[in-house]
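The values are calculated or read from the model by the stated rules, or taken from the named source; none is laboratory data. All values reported here derive from a predicted model rather than from experimental measurement. FYI the Cβ positions are ideal-geometry reconstructions off the backbone, even for glycines, and counts take in every protein chain you see. Just so you know, the surface numbers come from the protein's heavy atoms only, side chains and all, with ligands and any DNA or RNA stripped out. Shrake-Rupley method; radii C 1.70, N 1.55, O 1.52, S 1.80 Å.
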Amino acid sequence: MFDQLVFTPADIDLSRSPLAGKVGAETYVLGAFNPGMTRLANGNLLLMVRVAEALREPVKGGNVHAIRWQDGAYLRDAWPLQMVDTKDPRKFLIPGGGWKVMALTSLSWLLPVELDAEGRSVVAVHYDKAIAPRTPYQCYGVEDARISKVGDRYLMTTCSVSPERHSTTLYSSADALDWQLEGIVLDHQNKDMLIFEGLIGGQYWAQTRPLGDLYFTYPPGSEWRAGPSINLSRSPDALHWKPHDKPGIRPHAATVSTARMGGGTPPILTDRGWLSLWHGVEPSGVVGIYRTYWSILDKDDPSITIATQHAPLLEANPALTEPLKDQMYVDNVVFTTGIADAGDFYVVASGEADLACRITHIAKTAFDPPV
């Protein structure tokens with residue numbers, strides 16, 4: 001079935017970027033990836049692509065520079081190289097103070113890209129509808145959109161990055177092209193928020209993934225392993241969220257591939273229950289190996305897992321990124337972020353290698369119960 005990169009850094013016209021002419025230095029596209037996805041009223045698919053726009057020469061005069069939004073302007077902050085750790089090309093760490101503190105080598109904004117109904121080719125790129133930072137809590141960028149349609153309303157969660165907090169913000173829209181910023185809905189380091197595409201018991205539900213640096217152990221012999229998990233929250237209006245008392249999808253002790261995990265696609269309702277695609281990370285190198293897994297959750301109580309499997313649904317495909325190998329800075333990463341029904345199969349959208357947008361057709365039979 002279809003499995004291709006459909007949008008790459010080369011497809012972006014930076015002269016139409018929200019940052020164009022405002023940075024005072026040359027920039028380039030570090031990545032065009034992790035696209036939220038939904039179906040438009042005209043039947044086409046919409047990707048909301050994260051564009052990581054970076055300085056062409058971040059290191060200059062003994063300093064490394066970061067781009068920061070402030071009051072409508074884009075500034076370049078300089079940090080002396082001897083004060084920072086630049087091991088990861090996506091960011092630099094600032095040691096000291098007792099906390100992990102970092103800045104980014106790029107600033108992310110969101111670009112709506114319209115595809116045909118099966119996601120095979122680009123129909124239009126809507127630069128005039130791009131979403132860029134507009135408040136102090138977004139000063140380091142807007143990242144990793146996830147789009148859900150609940151009733152006749154589109155809801156988009158994003159990660160907003162700033163020194164104030166690393167938060168989840170909500171946008172709403174009637175057509176998935178013109179978006180209104182509703183504000184912060186989840187506080188610091190609670191991200192990968194995926195709103196279920198339908199109400200349960202008259203309420204909005206969402207998967208969340210709070211992070212921390214301390215977890216309490218499960219008892220010896222438990223089927224679960226301590227660490228980040230996919231939690232659940234409920235809301236009467238999609239703005240005010242209460243964490244659900246029961247856990248959601250937890251890391252399983254039988255596999256190292258979920259040492260870190262988080263939500264991928266907004267859960268969609270199937271005959272068996274809510275289908276959820278999520279990512280698991282196996283420790284390896286600087287960023288780890290990212291794969292996509294699936295679970296089916298009970299339609300009335302999504303804290304109950306009906307079916308899942310340890311084998312990955314999707315893995316990184318080096319053959320897809322081979323033509324872009326000179327631009328790659330991480331590998332072994334597929335980060336699934338969108339799903340749409342296409343009859344006998346699902347169209348699945350992912351970020352590949354933090355570099356490009358990948359579309360994969362997955363037969364619905366992949367989620368059937370074993371015979």
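So if I check each of Pro302, Pro323, Pro369, Pro312, which one is in a loop (DSSP other than H, G, I, E, B), more than 17 Å from Glu197 (Cβ to Cβ) and at pLDDT 95 or above?
Pro312
Would you please name the residue that is modelled with the highest pLDDT, looking only at residues in the range 69-104 that are open to solvent by less than 50 Å² (accessible area, probe 1.4 Å) and among the charged types (D, E, K, R)?
Taking the candidates together, the pick is Asp77.
Can you tell me which residues in the range 270-283 are open to solvent by 10 Å² or more (accessible area, probe 1.4 Å) and either out of contact with any Phe, Trp or Tyr (no Cβ under 8 Å at 6 or more places or on another chain) or in a loop (DSSP other than H, G, I, E, B) (or both)?
Across the range 270-283, the qualifying residues are Thr270, Asp271, Arg272, Glu282, Pro283.
Could you list, in sequence order, the residues of the range 326-340 that are outside any strand (DSSP E or B) and hydroxyl-bearing (Ser, Thr, Tyr)?
Tyr329
Tell me yes or no: at least one residue of the range 179-194 is of a type in the set (A, V, I, L, M, F, W, C) and in contact with a Gly (Cβ under 9 Å, 6 or more places away or on another chain).
yes
Could you give me the residue pairs with C-beta distances under 9 Å whose first residue belongs to the range 156-172 and is acidic (Asp, Glu), whose second residue is outside any strand (DSSP E or B) and surrounded by fewer than 22 Cβ atoms within 10 Å (Cβ to Cβ) wherever it lies, and which are 6+ apart or on separate chains?
Pairs that qualify, where the first residue is acidic (Asp, Glu) and the partner is outside any strand (DSSP E or B) and surrounded by fewer than 22 Cβ atoms within 10 Å (Cβ to Cβ), are Glu164/Pro136; Glu164/Tyr137; Glu164/Cys139; Glu164/His188.
Among the residues of the range 230-237, are any in contact with a strand residue (DSSP E or B) (Cβ under 8 Å, 6 or more places away or on another chain), open to solvent by 80 Å² or more (accessible area, probe 1.4 Å) and modelled with pLDDT of 95 or more?
Yes, that holds for at least one residue.
For the range 166-174, state whether one or more residues are open to solvent by 10 Å² or more (accessible area, probe 1.4 Å), in contact with a His (Cβ under 7 Å, 6 or more places away or on another chain) and not aromatic (Phe, Trp, Tyr).
Yes: one or more hits.
Looking only at the range 319-338, filter to residues that are without any contact (Cβ under 8 Å) to a residue 24 or more places away in the chain and over 22 Å from Arg260 (Cβ atoms); which one of those is most open to solvent (accessible area, probe 1.4 Å)?
So the residue we want is Asp326.
I need a count of the residues in the range 6-53 that are touching a helix residue (DSSP H, G or I) at 6+ places or on another chain (Cβ under 7 Å), open to solvent by 30 Å² or more (accessible area, probe 1.4 Å) and outside any loop (DSSP other than H, G, I, E, B).
So the answer is 1.
Hey, can you tell me all the residues within the range 294-320 that are within 19 Å of the chain's Cα centre (by Cα) and farther than 30 Å from Gly202 by Cβ?
Pro312, Leu313, Leu314, Glu315, Ala316, Asn317
Can you confirm whether Val59 is touching a residue at least 40 places away in the same chain (Cβ under 8 Å), over 24 Å from the mean Cα position of the chain (by Cα) and surrounded by 13 or more Cβ atoms within 10 Å (Cβ to Cβ)?
For Val59, the condition - touching a residue at least 40 places away in the same chain (Cβ under 8 Å), over 24 Å from the mean Cα position of the chain (by Cα) and surrounded by 13 or more Cβ atoms within 10 Å (Cβ to Cβ) - is not met.
Provide a single number: the residues in the range 180-215 that are part of a strand (DSSP E or B), open to solvent by 10 Å² or more (accessible area, probe 1.4 Å) and among the aliphatic types (A, V, I, L, M).
5
Of everything in the range 341-359, what is in a strand (DSSP E or B) and either under 21 Å from Thr305 (Cα atoms) or open to solvent by less than 10 Å² (accessible area, probe 1.4 Å) (or both)? Give them in sequence order.
Hits for the range 341-359 are Tyr346, Val347, Val348, Ala349, Ser350, Gly351, Glu352, Ala356, Cys357, Arg358, Ile359.
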